[in-house]
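Heads up, the thing below is written out as structure tokens.
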Amino acid sequence: MSVPRPSEGQLMFVRPSRRIATVLLASILLVGVTLPGAASAAPVVDPAGAALDWIEGELAADGGYLTTSYQGDPNVESFDDWGLTIDAILALAAGGRGDGTAATTATGLVEDNAGAYITGGFDPTERYAGAIAKTLLVAQIQGADPTAFGGYDLVDELLARLQTSGADAGRFSDLTGFGDFSNGFGQALAILALARTGGGVPVGAVDFLLAQQCPGGGFRGDYTVPGGCTDDADATVDATGFALQALVTVEPSCAVDGAVVDGVEWLVEGQNPSGAFGGESGSNTNSTGLAAVALRSLGATEAADAAAGFLAGLQLDAGDDLGAVALNAAGFASAADGVQILERDGFRRASTQGVLTFGLPTYGEIGTTPVDPTAFTPCVVDPPAAEPSGTLSATSVMAGGQLTATAIGFAPGETVDATLHSTPVDLGSVVADDAGGLTLTFTVPADLEPGQHTVDLVGRTSGATVSLGFEVLAADPAGPGTLPVTGRRTGEQAAAGAALVGLGVALVGMGRRRRVARR
């Protein structure tokens with residue numbers, strides 16, 4: 001089947017504006033709520049089951065997988081939406097239906113079209129990191145071989161997309177002719193998928209995700225600006241919900257535990273009185289679902305129940321589309337008489353993520369042991385064994401040269417971030433050893449202005465800080481190939497050198513005359 005090229009915002013992970021999905025298990029009885037601009041819906045007795053029934057029906061009606069209409073218009077050409085299809089499979093797996101006909105048929109079709117999804121469908125050399133991560137996750141959960149899925153070793157493909165140096169070290173990035181659109185959703189999905197492999201999650205990938213937590217506790221999802229998050233305005237509910245699901249699957253540490261606790265607190269504090277979540281564009285099903293599933297998993301059941309109550313008011317309670325969940329009040333009102341869907345794309349996206357609100361497990365918990373919410377508590381950091389201090393391998397360096405920083409006084413095993421000033425340059429991070437010491441070699445940017453600069457080393461958990469100063473030397477105005485002049489009294493040294501050269505010439509001449517005389 002031919003796949004038309006998606007426009008901006010239509011291909012998951014290829015454009016940052018596109019939402020992704022998550023998943024989850026069980027069903028609870030919920031009370032409906034009255035929504036502005038929408039009819040009051042009677043609560044569905046089994047909201048999760050009804051939503052999963054509807055998703056299975058949509059897969060069957062669309063040929064075993066899901067398509068999406070361009071710009072939401074069903075009268076124009078549509079494209080095969082493998083990202084949305086995977087969302088549906090994961091939702092069914094979370095609800096215990098992963099081995100059903102709908103999920104297994106869809107999984108087979110995803111495998112047949114894996115190449116089109118992870119490459120974008122046009123250039124076989126391109127790779128989209130988020131799409132690789134999402135495909136790897138569904139292959140694992142559905143019991144397929146992730147090292148030979150659709151002709152790809154998805155584990156190797158994903159690890160190949162991990163940046164290993166620079167300001168974005170640890171980020172899973174795209175390789176495309178359009179640029180790098182990788183984001184917080186793909187980063188979290190990559191961690192969720194690799195946590196299920198024997199090799200586990202690279203430490204750098206976890207450190208990078210932790211750096212995306214903004215000061216207030218929420219996580220940013222847009223990675224356009226390199227480095228970490230410094231502005232709470234960049235935090236989003238969706239990225240935070242995904243990040244929390246991912247972090248609970250990795251090796252525990254003070255940094256991880258603290259990030260989880262802060263993330264939960266940020267979500268709870270930002271919940272609307274209606275129980276919904278949403279950003280500037282307003283409360284919506286997708287944001288509410290992603291927040292609620294993470295909160296329920298981590299023990300914030302009161303907030304999760306309130307979110308489920310909000311979504312119950314957006315679920316159709318009668319007709320052929322019983323169980324479908326609208327994106328928002330306007331979407332609910334767009335269904336004729338509240339029971340017949342006129343525009344299906346929005347309901348499909350909302351339902352595959354909204355169903356997670358109704359007591360289902362997170363992506364990381366599907367087929368595994370549920371998270372113990374009591375395991376995540378703020379760490380008490382032991383004081384450093386020594387006062388923070390350090391040295392550099394040299395006090396001056398030419399731009400483009402290398403320096404090595406050695407420091408002590410950090411908490412054992414903590415991650416220490418390095419930043420070059422005065423113009424801030426992220427030098428990456430290093431993990432302190434058991435004694436709280438570290439060594440970091442870095443390259444001074446070739447375009448760094450001559451003069452005094454510092455490199456700051458800051459411990460993420462202890463807050464210990466070491467600032468080391470050095471001078472960047474100006475380039476020799478004489479140009480390349482001319483030796484630099486150093487020291488003092490250069491005139492006297494030059495005169496002495498000339499005298500020695502003269503003496504050498506004279507001695508050579510005398511030796512030649514003696515040899516001639518002896519012949």
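A few comments on the model shown:
- For segment 289-364 and segment 161-219, distance of Cα centres in Å: 28 Å
- Whole-angstrom gap from segment 251-283 to segment 93-121, using each part's C-alpha centre: 30 Å
- In plain terms, the residue of PHE310, PHE358, PHE178 with the fewest other Cβ atoms within 10 Å comes first and the most crowded comes last, giving PHE178, PHE310, PHE358.
- Take every Cα pair under 8 Å whose residues are at least 6 apart in sequence, average their separation, divide by the length of segment 161-316, and the relative contact order is 18 percent.
- Taking other C-beta atoms within 10 angstrom as a stand-in for reagent exposure, LEU392, LEU194, LEU438 fall in the order LEU392, LEU438, LEU194, fewest first.
- GluC sites (Glu not before Pro) within segment 230-313, DSSP loop, no more than 13 other Cβ atoms inside 10 Å: GLU280
- Put in order of Cβ neighbour count within 10 Å, fewest first, the listed residues ILE341, ILE141 become ILE341, ILE141.
- With contacts taken as Cα pairs under 8 Å at a separation of at least 6 residues, segment 389-473 carries a relative contact order of 37 percent.
- Relative contact order of segment 47-375: 17 percent, from C-alpha pairs under 8 Å at least 6 residues apart in sequence.
- A straight chain from ALA61 to SER78 at 0.36 nm per residue would run longer than the Cα-Cα distance by 4.7 nm.
- Antiparallel DSSP beta bridges within segment 389-473, percent to nearest 5: 90 percent
- Loop-resident GluC sites (Glu not before Pro) (DSSP state other than H, G, I, E or B) in segment 75-145 with no more than 15 further Cβ atoms inside 10 Å of their Cβ: GLU77.
FYI, it's all coordinate maths here, none of it is from the lab. None of the values given here were measured: they were computed from a predicted structure. All Cβ positions, glycine included, derive from the backbone under ideal geometry; neighbour counts span all protein chains shown.
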